[in-house]
Amino acid sequence: MRAILGFLLIIAPTFFSNEIRANEPTVPPKRPNLIFLMTDNQRWDALGCYGNSIIQTPNIDRLAARGLRFTNAFCTTSICAATRASILTGQYRRTHGYSFEKPPMTIAAMRKTYPAVLKNAGYRTGFVGKIGVRLNRGTAEEMFDFFRFNQASGTNQPYYRKSPDGTIKHLTQINGDQAVDFLRSSIAKQPFCLSVSFSAPHPEDDNVRQYIYDRELEHLYQGVTIPPPPVSEPQHFEQLPEFLRVSMNRQRWFRRFDTPEKYQKMMKAMYRLITGVDIQIGRILDEIRKRGVEDNTLIVFTSDNGLITGEHSITGIWLMYEPSIRLPLIIYDPRRPEASRGKAVSELALNVDYGPTLLDLAGIEIPAAMQGRSLVPLLTGNSQDWPRDFFYEHYFRPSGLKTNENNIPRSEGLRSKRWKYVHYFDERPTYEQLFDLAKDPHEVNNLADNPRHYETLEAMRRRMQTLRAQAGPPWNPRR
């Protein structure tokens with residue numbers, strides 16, 4: 001495997017070697033191929049191109065160097081079922097209505113998803129990996145010509161499993177194999193859209209090891225020390241309200257990060273999972289080059305949500321803290337002029353924008369049902385009248401749990417460039433947070449009860465209510 005890793009790091013640059021022809025005279029382009037790559041529970045800063053000097057992600061880093069890297073990308077609901085439904089539909093959680101413990105998504109609801117619209121427009125569509133939503137019978141066929149679904153998290157769904165050829169492989173490698181199979185079975189005359197949803201680096205929540213990486217990557221990150229997370233000292237945990245201190249975010253912290261030794265072990269295992277994804281992305285890029293379509297294949301890389309890795313002495317997702325909601329996002333378009341590449345985009349991007357963006361890149365009309373907006377204007381530097389804040393919602397709470405202990409607090413809120421407002425509406429009395437992100441980026445000092453910031457608090461409340469109304473109908477617990 002070391003030889004394979006070294007080989008991939010050598011050949012990956014060849015994917016870019018033939019596409020530096022952007023300054024030559026252009027002809028009207030044919031419809032582009034699209035590849036949408038997504039990881040699971042990956043923090044935005046767990047990539048070399050986002051400033052992480054320890055993790056090894058050379059193939060993703062090269063995409064960023066040749067494309068655009070978004071520094072303010074977020075999910076509107078930080079939990080995999082709801083956010084994946086939002087990515088497919090381009091809709092907020094309160095509009096599509098899907099999360100855990102909900103009925104499967106219907107054919108009618110999914111006919112306006114980005115893969116279904118692309119398929120209807122003549123694209124060959126494929127999906128490999130974790131779909132993350134339950135579908136009614138026949139719905140997958142409405143969206144995809146080729147689909148290989150899997151799940152990874154949980155002791156009954158281990159990362160190591162039997163591959164189609166009968167051998168036992170790590171699931172990330174199987175995802176890579178299936179992605180390559182799709183590319184090899186595509187024909188040159190038909191444009192394609194391939195969505196690859198890696199289960200990594202999601203932990204296996206009920207497994208003591210949590211992060212089950214490919215054993216061939218055991219040699220990575222030996223002898224390095226990963227810096228501890230900020231604001232992870234006991235006093236920061238004690239500042240949290242009681243309902244957060246007993247929540248599932250705290251309980252899972254004991255599984256992963258409650259000692260410095262465990263933190264190092266878990267983080268290195270997580271990094272190995274991410275490097276494993278990067279290796280498979282290298283294979284995908286090399287296959288595109290072999291097929292001679294690298295000049296007309298657009299690539300989007302992101303994660304479904306982020307992850308708190310010990311900040312405030314908690315872990316997990318769900319909450320509106322920055323590590324939970326901030327996403328990596330890279331868009332690579334080989335058709336763009338050379339001078340426009342390798343830059344950072346600071347404008348706001350949301351997970352509900354991904355579907356509209358893919359359709360816009362393909363030159364296909366965006367369905368009116370999609371609430372996100374295309375990010376294509378930002379690819380050309382046009383940020384006029386671009387949104388500067390967004391509405392966040394999280395309504396899932398396991399139905400079998402009646403108290404706050406080991407439960408998920410429900411919340412909604414608003415994030416602007418400087419301020420963040422969070423409303424935990426189940427608490428009695430309700431609990432609010434207000435953070436000045438410019439002065440307090442790690443969200444330690446709650447200003448909601450500070451009289452000096454009452455006007456800001458009121459303004460954030462009103463703005464949240466406005467955006468909440470725009471995001472869809474009132475939330476219905478039974479929906």
Condition broken by Ala73, with the remaining ones in (1) more than 18 Å from Gln280 (Cβ to Cβ); (2) touching an Asp or Glu at 6+ places or on another chain (Cβ under 8 Å); (3) not polar (S, T, N, Q) satisfied: (2)
Please find, among Gly363, Gly355, Gly381, Gly400, the residue that is touching a Lys or Arg at 6+ places or on another chain (Cβ under 7 Å) and of a type in the set (Gly, Ala, Ser). Gly363
Against the condition touching a residue at least 24 places away in the same chain (Cβ under 8 Å) and either surrounded by 20 or more Cβ atoms within 10 Å (Cβ to Cβ) or within 15 Å of the chain's Cα centre (by Cα) (or both), how does Thr297 come out, does it pass? yes
Residues of region 361-413 that turn out to be touching a residue at least 24 places away in the same chain (Cβ under 8 Å), under 30 Å from Arg462 (Cβ atoms) and among the hydroxyl-bearing types (Ser, Thr, Tyr), as a count: 4
When both residues are 6+ apart or on different chains and their Cβ atoms are under 6 Å apart, which pairs have a first residue that lies in region 344-359 and is closer than 19 Å to Gly306 by Cα, and a second that is modelled with pLDDT under 95? Glu347/Ser383
Looking only at residues in region 86-107 that are hydrophobic (A, V, I, L, M, F, W, C) and assigned to a helix (DSSP H, G or I), which one is nearest to Leu414 (Cα to Cα)? Ile87
Looking only at residues that are without any contact (Cβ under 8 Å) to a residue 60 or more places away in the chain and in contact with a Gly (Cβ under 9 Å, 6 or more places away or on another chain) in region 244-257, which one is surrounded by the fewest Cβ atoms within 10 Å (Cβ to Cβ)? Arg256
Hey, can you tell me all the residues within region 336-363 that are loosely packed, with under 14 Cβ neighbours inside 10 Å and over 21 Å from the mean Cα position of the chain (by Cα)? Pro337, Glu338, Ala339, Gly363
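Checking the conditions here, which among Ala269, Ala339 is modelled with pLDDT under 95 and among the hydrophobic types (A, V, I, L, M, F, W, C)?
One residue alone meets the criteria, Ala339.
Can you pull out every residue in region 26-71 that is of a type in the set (Val, Ile, Thr), closer than 15 Å to Thr275 by Cβ and assigned to a loop (DSSP other than H, G, I, E, B)?
Ile54, Ile55, Thr57, listed by residue number.
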Matching entry among Arg283, Arg252 (being touching a helix residue (DSSP H, G or I) at 6+ places or on another chain (Cβ under 8 Å) and basic (Lys, Arg)): Arg283
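For (1) buried (at least 19 other Cβ atoms within 10 Å of the Cβ); (2) within 23 Å of the chain's Cα centre (by Cα), each residue gets a yes or a no:
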| site | (1), (2) |
| --- | --- |
| Glu365 | no, no |
| Met370 | yes, yes |
| Tyr392 | yes, yes |
| Tyr395 | yes, yes |
| Thr403 | no, no |
| Asp436 | no, no |
| His442 | no, yes |
| Asn445 | no, no |
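The values are calculated or read from the model by the stated rules, or taken from the named source; none is laboratory data. Treat the numbers as computed from the prediction; the structure is a model and nothing was measured. When we count neighbours, we look across all protein chains shown, and the Cβ atoms used for this are built from the backbone with ideal geometry, even at glycine.
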